[in-house]
Every structure is written in structure tokens, then in C-alpha cells.
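Participant: One structure, pasted below without further comment.
The values are calculated or read from the model by the stated rules, or taken from the named source; none is laboratory data. Just so you know, these numbers come straight off a predicted model, no measurement behind them. In this analysis, Cβ positions are derived from the backbone assuming ideal geometry, glycine residues included, and neighbour counts consider all displayed protein chains.
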Amino acid sequence: MLVKQISVFVQNEPGRLSQITRLMAENEIDIRSISISDTVDFGILRLIVNDPEKCERVLKENGFTVSITNVIAVGIADEPGSLSKVFALADDNGINVEYVYAFISHTTQDACIIMRVSDGEKAAKVLTDQGIKVLSAEDVYHF
């Protein structure tokens, strides 16, 4: 139950994000979630989109350095303690959470947590076994 995340290396300069989002709009690629981390010279833009393969192709055709990474997506109640439970289960089972970002479902009002972890398959099993909803790629695209 892994989800494909697009990672884009971008120059840390004005206009780069608008160029990328314009390409997404022109190619009817829906951005479900977006995150950016930066340094002085460049940033890493992380995207969850409805069509990762098309997104990768469009960005590469326009000169961007792109990679696809497998992440897990977890649907949890948008309330205090829900995220803590997820992280505690990861910790208790020796799973390192490398980074995380989130969005709120427009249909259920639940939180969708996107996580890059040291072992996605193990994390999915541990969380599912404890009643945490691990989302499929299709779930995330329509969350």
C-alpha cells in the first residue's frame, strides 16, 4: 500500500514554483499535497499527484530533475493524539520516520499523513494491525 511521491529539485529563485504548478495545471495533473524543504541554493519539492507517471514525464520534458519515491499515507482523525499514536507505533517497532507532511480530506475531514519511513511495507503492516487506516494510492488521489 505504498503511494508514489514526486520529488523535484528546484532552484531557490522566484518563479520556479509557479512554473511547476502551471505545468501541472496545463496538463490536468491534480496536486493532492505539496511540501518544500529548502537550502540556500535549492529546494526539494515533494508532490502527491493524481498521475505520478505523467507528472514525472511532464517535468522531465521541461528540464526538471525528478524522482519518484515510495511513501505511505495514513488516514487518521483530525484530533489531538492521533498522530502521536502513529509515531509511537513506528518508534516501538524500530521504524524511522524520515519526513512527514499532511493534508485534510475535503470529503471526510480526516487528516491524511504522508510519511517517508525506513521500511514502508513493515510500517504499513504494523499500522494496519493496530487499526490505523493505511491508504492506497487510489485512496489518496480521491481522499
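Participant: Would you check which residues across segment 47-84 are out of contact with any helix residue (DSSP H, G or I) (no Cβ under 7 Å at 6 or more places or on another chain), under 18 Å from A123 (Cβ atoms) and free of Cβ contacts under 8 Å to residues at least 60 places away in the same chain and list them?
Facilitator: S82, L83, S84
Participant: Taking I114 as the residue in question, decide whether it is at pLDDT 95 or above, of a type in the set (A, V, I, L, M), within 21 Å of I34 (Cβ to Cβ) and buried (at least 18 other Cβ atoms within 10 Å of the Cβ).
Facilitator: Details: at pLDDT 95 or above: yes; of a type in the set (A, V, I, L, M): yes; within 21 Å of I34 (Cβ to Cβ): yes; buried (at least 18 other Cβ atoms within 10 Å of the Cβ): yes.
It is true that I114 is at pLDDT 95 or above, of a type in the set (A, V, I, L, M), within 21 Å of I34 (Cβ to Cβ) and buried (at least 18 other Cβ atoms within 10 Å of the Cβ).
Participant: List, please: which pairs have Cβ atoms under 8 Å, are six or more places apart or on different chains, and start with a residue in segment 87-100 that is over 13 Å from V74 (Cα atoms) and end with one that is among the charged types (D, E, K, R) and in a loop (DSSP other than H, G, I, E, B)?
Facilitator: Close Cβ pairs (under 8 Å, with a partner that is among the charged types (D, E, K, R) and in a loop (DSSP other than H, G, I, E, B)) amount to I95/D119.
Results for (1) in contact (Cβ under 8 Å) with a residue 40 or more places away in the chain; (2) closer than 16 Å to E61 by Cβ; (3) in the same structural domain as V100 (by TED's automatic domain parsing), shown as yes or no for each residue.
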position: N12; (1), (2), (3): no, no, no
position: G15; (1), (2), (3): no, no, no
position: I20; (1), (2), (3): yes, yes, no
position: E28; (1), (2), (3): no, yes, no
position: S33; (1), (2), (3): yes, no, no
position: G43; (1), (2), (3): no, no, no
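Participant: Only one of I36, I68 is surrounded by fewer than 18 Cβ atoms within 10 Å (Cβ to Cβ), modelled with pLDDT under 95 and either assigned to a strand (DSSP E or B) or out of contact with any Leu (no Cβ under 6 Å at 6 or more places or on another chain) (or both). Can you tell me which?
Facilitator: Values: I68 fails: modelled with pLDDT under 95.
The match here is I36.
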